[in-house]
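Everything on this sheet refers to the single structure shown next.
Laboratory data are not the source of any read-out in this text; all were calculated from the coordinates shown. Note that the structure is predicted; figures quoted are calculated from it, not measured. Here the Cβ positions follow ideal geometry from the backbone for every residue, glycine too, while neighbour counts run over all protein chains shown.
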Amino acid sequence: MADNNNKRERMPLEEAGRKGGEATTENHDKEVYQLIGSKSGKARHDND
């Protein structure tokens with residue numbers, strides 16, 4: 001019997017990121033992204 005069934009094909013990093021983003025979008029609403037953006041903006045401002 002071939003051993004090919006036990007090996008998993010690697011997913012490209014770009015595709016993995018896209019799938020993760022889509023899953024996050026399905027599970028969270030707009031407020032989550034606003035919170036992330038405001039935290040990012042604050043951290044960026046604090047580093048200036």
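Which FRET efficiency value, to the nearest 0.05, is calculated for N27 and K7 with the Förster distance at 22 angstrom and r the Cβ-Cβ distance? Write down the numbers at each step before the final one.
Details: r = 30 Å, r/R0 = 1.37.
After rounding, the FRET efficiency stands at 0.15.
The ranking of R10, R18 by Cβ neighbour count inside 10 Å, starting from the fewest, reads R10, R18. Taking the chain as the region of interest, the number of lysine pairs whose Cα atoms are within less than 24 Å, with members eight or more places apart or on different chains, is 5. Across the range 11-19, coupling constants 3J(HN,Hα) worked out from phi with the 6.51/-1.76/1.60 Karplus curve, θ = phi - 60°, read 8, x, 4, 4, 5, 4, x, 5, 5 Hz, and Gly and Pro carry x.
State whether the range 7-48 is rounded, prolate or oblate according to the following rule on the C-alpha gyration tensor (a ≥ b ≥ c being the square roots of its eigenvalues): a/c under 1.5 gives rounded; otherwise a/b larger than b/c gives prolate, and the remaining case gives oblate.
Working: a/c = 5.32, a/b = 1.83, b/c = 2.91.
Cα axes put the range 7-48 in the oblate bin.
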